[in-house]
Amino acid sequence: MRFEVLHTTRYRYANPVTFGEHRLMFRPRAAHDSRVLDDSLEVSLPHAVRWIQDAFSNSVAFVTLPEPGIDLSFRCRFTIEHLGLREAELPLEPRAMHVPLQHSPDEWLDLQGFMRPHTEDPDGVVAAWAKRFLDRSRDTREVLNEMMDDIRDNFAYQSRDTEGTQSPLETLVLRSGTCRDYAWLMIEALRRLGIACRFVSGYLYDPALDPQGDAGFSTPVYGAGATHAWLNAFLPGAGWVAYDPTNRLTGGHSLIRVAYARHPAQAVPLAGSWYGAANDYLGMSVQVNVRRLLD
């Protein structure tokens, strides 16, 4: 399948303001199951762009804006070919079929940063929530699936405009959150069970929002129309497997990955600064369209 993604972010100001450097992560990661056919970045003001690969080999664009303005917009467009391989069907090695997983010496060394919890859990609340699933089954895939089931059945999806990601403890207490919050909760819970996980930022294809999509598609999808987030869990034999707790998805073509990170702050889609009076800022709008291209 081929998909086109158009991601537009616009900032408005009452008076001309000056800008610091802006950092964008929008170009998808190519791999054996997907390839980038084309991509472009349009900026409404005069600018210069430089590209780098960060510590996780994500493509990052740095944009400098030498002139002031009252309207700044970034328009990112790309087309990918997605093979939609079903990672959930890949066989696990025997040492990965039950929790705790057994890792080779190289895996212990290479995955260390993705296995160590990043957030504080002083009273063991997150750890206790994670260990509940081991009381039902030690089967690795059952533990992962039941954790997603619990988030889907007992948490309320709640979009919000404020920046940042809730701590896993906050999400457990509130029993609500965004896709980033759910992914981060599941990552930190699985790390406490000895499973290496990484945070993934990207986009979600929702057939219901696509004129070329399946008219009979009725399953609700949360997180489309904006950037999306999920996680990868490393399972020996299958490798990095995608789990989307917001939509109870495992792998497949609906998830279009852009960036991998150890924690959410390393995978912010767009970040930057501006200088002016506080009341000059009039607001921001974000629009994401993902559509399937017919062959």
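Using only alpha carbons, the chain has a radius of gyration to Kirkwood radius ratio (Rg to Rh) of 0.98. Working from label points 7 Å from Cα in the Cα-to-Cβ sense, the Ser176 to Thr18 distance is 4.2 nm. The spacing between the range 36-73 and the range 256-280, judged by their C-alpha centroids, is 12 Å. For the peptides 258-265, 115-122, 239-246, residues were scored by their other Cβ atoms within 10 Å and the scores averaged per peptide; the highest-first order is 239-246, 258-265, 115-122. For the chain, the share of DSSP beta bridges that are antiparallel, to the nearest 5, is 95%. Prolate is the label for the range 15-145. Its Cα gyration tensor axes, ordered a ≥ b ≥ c, give a/c of at least 1.5 and a/b above b/c. Calculated [222 nm] ellipticity per residue, helices only, for the chain: -5000 deg cm²/dmol; basis is -39500 (n - 2.57) per DSSP H run with n ≥ 4, divided by all residues, nearest 500.
At an R0 of 41 angstrom, the distance between the Cβ atoms of Val125 and Leu209 translates into a FRET efficiency of 0.70. Taking the average, over residues, of other Cβ atoms within 10 Å as the packing measure, peptides 174-180, 18-24 rank 174-180, 18-24 from highest down.
Looking at the range 145-262 alone, DSSP beta bridges between its own residues are antiparallel in about 90 percent of cases.
Peptide packing for 183-191, 229-237, 247-255 was compared via the average number of neighbouring C-beta atoms within 10 Å per residue; ordered from the highest value, the list is 183-191, 229-237, 247-255.
Just checking the listed ones, Gln53, Gln266, Gln166: in the Gaussian network model of the chain with Cα springs under 10 Å, the one fluctuating most is Gln53.
Each value in this text was obtained by applying a stated rule to the coordinates, not by laboratory testing. Owing to the predicted nature of the structure, the values given are computational and were not obtained by experimental measurement. No Cβ is skipped: glycine too gets one built from the backbone with ideal geometry, and neighbour counts run over all protein chains shown.
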